[in-house]
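Student: Below is the structure I would like to discuss, written out as structure tokens.
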Amino acid sequence: MPEYKGAMMQFFHWHTPADGSLWRSLTEQAAELAATGITSLWLPPAYKGAEGDHDRGYGVYDLFDLGEFDQKGTVRTKYGTRDEYLQAIRAAQKAGIRVYADVVLNHKLGGDHEEEFRATPYHPDNRNEAIGELQTIRAWTHFTFPGRKGKYSALEWHWWHFNAVDVNAMAGDTQAIYLFEGKQFQDDVDREKGNFDYLMGCNLDIENPDVQKELYHWGEWYLETTGVDGFRFDAVKHVKAGFFVEWINLLRGRSGRDLFAVGEYWGGVDQLKQFIETTGGEIRLFDAGLHYRFAAAGREGKAFDLRTLFEGSLVKDHPDQAVTMVSNHDTQPLQTLESVVEPWFKPLAYALILLRQGGYPCVFATDYYGARYRGTDRDGREQEIQMASHRWVIDRFLNARRTHACGEQRDYFDDAHCVGWTRSGNAQHPGGLAVLLGNDGDGLKAMQTGSPETTYIDHTEQIGEPVVTNGEGWGEFRCRDRSVSLWLPEGEK
């Protein structure tokens, strides 16, 4: 598996405007993003969702409709048309940026017709507990894709291609998960709620031969059609883990390309490690644990012990498997998994993922560009959210990552309120860098850079006085309260 030295960007968020402009925006911005140091982009699901041009792509309706057919009341998706999508991918790749497609393989929504069949209701919070007898139910499980008319694939989906739904049209809202007759929940999934095979909608029966054949066919078609460089798998905790390995390795073998793969798994570090073991390290994971440490550090302020920042993180023990992040579309305000990293801590967090060894960092669109949107909170109240842009400091870190974030790393995580590290650099960029951050008053720490008698300047422009290392490469570096300073050799950019 190749090592990824660059930096990824999640080029969307949950409340990206539904005006069909995202693909065009990428085409226009690709060269600029490449110049800042972005080397790969994670794009949202590009296929037609159940809510048409307002669907974010996670309410999967038709995997083969990339904004080409008149279905669900629209031709384009929320993000644009098929032609605009393909043009955006080409523009990014021409600029030297890899493109990763978001893939949802565990459920479908928006069926075209109802079907009747038999199923057993299970407790939604304990999928091992039946709460009723086998009974006839009716659900929207027949997908005919009338706008596509069999182009690219002739398969119509029926109830036997799924194993469960959570709505029975014959009974109304019964708060149950209905397991279909002759079906079972997969064993090789997360154990939350007893068994977390079922997430939402019509849950795919991954053991069904027709389902497997269709997903393999779609993968080959999608790769040939789009030419993407890898995939982000949605909600991997809900699907038999081995299937993702089989799917991606099939595409790697057929295409002769070492396609990138990363999975979304919201769980503890032990669960993430188990997934890595099960999949043989073929699929990286987003470092959920590190995100939660960042959220805690921002929330707790000076009460947080900075020496513990990497406790419970994937990057600590499996740096080559971790895709590190500060925030994403699931954690942003008003989301079900809302977990906010406070604005004051975001520059510190981005220094921690962009300027250190280990992990493949992912920059979130709203942290970079800022965002303003409205939505409903958990109590049903309408809220307006304003998220500040941290582009100025992220750009500084991205540039330093390309040039100076290399060589030996020396850590100075020896104080609860002030921690730092240095990188020794290389022949092209001697002197490396020094980073210091703190959460309780101005910080001061002696750190060894490996570069004697070298003058360092704070590239966050918070400390005006330079630092000059002694004959052994030691210098006393500073940072402001609740802030981070990046020190580079004088004359470097």
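The values are calculated or read from the model by the stated rules, or taken from the named source; none is laboratory data. Bear in mind the structure is a predicted one, so any value in this text is a computation, not a measurement. FYI the Cβ positions are ideal-geometry reconstructions off the backbone, even for glycines, and counts take in every protein chain you see. Surface accessibility is based on the protein's heavy atoms, side chains included, excluding ligands, DNA and RNA. Shrake-Rupley method; radii C 1.70, N 1.55, O 1.52, S 1.80 Å.
Student: In the chain, with Lys and Arg counted as +1 and Asp and Glu as -1 at Cβ, which of these residues, His238, Ala18, Ile394, has the Cα nearest the positive end of the dipole, that is, farthest along it?
Tutor: Ile394
Student: Per q in 0.16, 0.20, 0.23 Å⁻¹, report the Debye log10 I(q)/I(0) for the stretch 397-493, using one uniform scatterer on each alpha carbon and no solvent.
Tutor: Once normalised to I(0) and log-transformed, intensities are -0.56, -0.89, -1.19.
Student: To check you understand DSSP bridge types, tell me what percent of the beta bridges within the chain (both residues inside) are antiparallel, rounded to 5.
Tutor: Once the DSSP bridges in the chain are tallied, antiparallel ones form about 70 percent.
Student: Out of these labelled values of Rg and Dmax of the Cα atoms in Å, (1) 24.5, 95; (2) 24.2, 82; (3) 30.8, 103, which was calculated from the coordinates shown here?
Tutor: Evaluating Rg and Dmax of the Cα atoms in Å on these atoms matches (2).
Student: Let me cross-check Lys273: its accessible surface, 1.4 Å probe, with only protein heavy atoms counted, in Å² to the nearest 10?
Tutor: 60 Å²
Student: Considering the dipole of the stretch 112-207 built from charges on the beta carbon (Lys and Arg +1, Asp and Glu -1) around the Cα centre, which of Cys202, Ala154, Val167 is farthest to its positive end?
Tutor: So the residue we want is Ala154.
Student: May I ask you to work out the translational diffusion coefficient for the stretch 271-390 at 25 °C, viscosity 0.890 mPa s, via Stokes-Einstein with Rh from the Kirkwood sum over Cα pairs, reported in whole µm²/s?
Tutor: Taking Rh from Cα pairs, D becomes 162 µm²/s.
Student: Over the stretch 207-361, with a single point scatterer placed on each C-alpha, what log10 of the ratio I(q)/I(0) does the Debye formula yield at q = 0.13 1/Å?
Tutor: -0.66
Student: In whole Å, what are the extents of the stretch 99-139 along the principal axes defined by its C-alpha atoms, from largest to smallest?
Tutor: Extents along the principal axes: 48, 28, 10 Å.
Student: Moving on. For the chain, what does the helix formula give at 222 nm: sum of -39500 (n - 2.57) over DSSP H segments with n ≥ 4, over the residue count, nearest 500 deg cm²/dmol?
Tutor: Calculated from helices alone, the mean residue ellipticity at 222 nm is -7000 deg cm²/dmol.
Student: Right, another one. Got the relative contact order for the chain handy, in percent, Cα pairs under 8 Å and 6 or more residues apart?
Tutor: Working: 1137 pairs, mean separation 52.4, N = 493.
Answer for the chain is 11 percent.
Student: I've got another one for you. Counting only protein heavy atoms and using a 1.4 Å probe, what share of the accessible area of the chain belongs to carbon plus sulfur, as a whole percent?
Tutor: 46 percent
Student: What ranking do 376-387, 354-365, 38-49 get when scored by the average of other Cβ atoms within 10 Å per residue, highest first?
Tutor: In decreasing order of mean packing, 376-387, 354-365, 38-49 become 38-49, 354-365, 376-387.
Student: Considering every Cα-Cα pair within the stretch 54-107, what fraction, in whole percent, is farther apart than 13 Å?
Tutor: Counting every Cα pair in the stretch 54-107, those more than 13 Å apart make up 62 percent.
Student: Rg to Rh ratio, the stretch 112-201, alpha-carbon atoms and Kirkwood radius?
Tutor: Answer for the stretch 112-201: 1.02.
Student: Something else about it: Heavy atoms only, probe 1.4 angstrom, no DNA, RNA or ligands counted: give me Arg401, Arg138, Arg24 ranked by accessible area, highest first.
Tutor: Arg24, Arg138, Arg401
Student: Per the Cauchy relation, a quarter of the hull surface: what is the mean projected area of the convex hull of the alpha carbons in the stretch 1-60, in nm²?
Tutor: Its Cα hull, projected and averaged over all orientations, spans 5.2 nm².
Student: Another question about this same structure. When only alpha-carbon atoms are used, what values of Rg and Dmax, in angstrom, describe the stretch 298-453?
Tutor: Considering the stretch 298-453 through its Cα atoms, Rg and Dmax are 17.1, 60 Å.
Student: Based on DSSP H assignment, which helices of the chain show an axial Cα extent of at least 27 Å together with a mean Kyte-Doolittle hydropathy greater than or equal to 0.0?
Tutor: none
Student: If you don't mind, there's one more thing I want to ask. In the P(r) worked out for the stretch 22-168, what percent of Cα pairs fall beyond 22 Å? Numbers along the way, then the final one.
Tutor: Numbers: 5434 of 10731 pairs.
Summing the P(r) tail past 22 Å for the stretch 22-168 gives 51 percent.
Student: In addition: Around Thr454, which amide H atoms from residues at least 5 apart in sequence, or from another chain, sit under 5 Å from its own amide H, with H modelled in the peptide plane?
Tutor: The answer is Thr469.
Student: Excluding residues fewer than 8 places away in the same chain, name every one of the lysines whose C-alpha is closer than 16 Å to that of Lys108.
Tutor: Counting by Cα, and skipping residues close in sequence, Lys108 has these lysines nearby: Lys48, Lys72.
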